[in-house]
């Protein structure tokens, strides 16, 4: 039942996301980046773990470049098999190559970053609630990974994709912050 509810909401939101205008997405992503960079958890962080955005997701590539330019250690996920991932340090965008699910992942030479060293995790979502409940893509990768780290958790979500009725279960990690182009909810 829970799985079916999540799958239906995921389908609805992904359809809605595909209909957002390019102009809206570009401007929203710029505003989300400004808000993310202003968050104390980011400013204090020495090690940042973040997803590498795909075309239709909230952009993190500018965030990655900004964090690298500020001298922060940037780690990105590398798929280890069904539902499992690890964090690997990158020093430039060229340290990435296409991996599982056509997502950019760290190349083989990138060093693993220990979970306990991560200060801030920037997490993808299909949708998020203002209370920090997050609906991902259904693989459980981030929920499994985040359950083993004490990192501060922030989800990036465009305002038009916020949904306060997100079905959750005991395995779903709640975010510490939800950042949109208009708000920061904690």
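The values are calculated or read from the model by the stated rules, or taken from the named source; none is laboratory data. Since the model is a prediction, treat every value here as computed from it, not as a measurement. Cβ atoms come from the backbone with ideal geometry, glycine included; neighbour counts cover every protein chain shown.
General remarks:
- Those residues of region 152-186 which are touching a helix residue (DSSP H, G or I) at 6+ places or on another chain (Cβ under 6 Å), in a loop (DSSP other than H, G, I, E, B) and at pLDDT 95 or above, in sequence order: 158, 180, 181, 182
- Region 1-110 holds strands (runs of 3 or more DSSP E) entirely within its bounds, and those carrying 1 or more residues that are closer than 20 Å to residue 179 by Cα map to 47-50, 73-81.
- Unmet criterion (only one of (1) over 18 Å from residue 47 (Cα atoms); (2) at pLDDT 95 or above) for residue 120: (1)
- Region 113-135 - residue that is in a loop (DSSP other than H, G, I, E, B) and within 13 Å of residue 145 (Cβ to Cβ) and, of those, farthest from the chain's Cα centre (by Cα): 114
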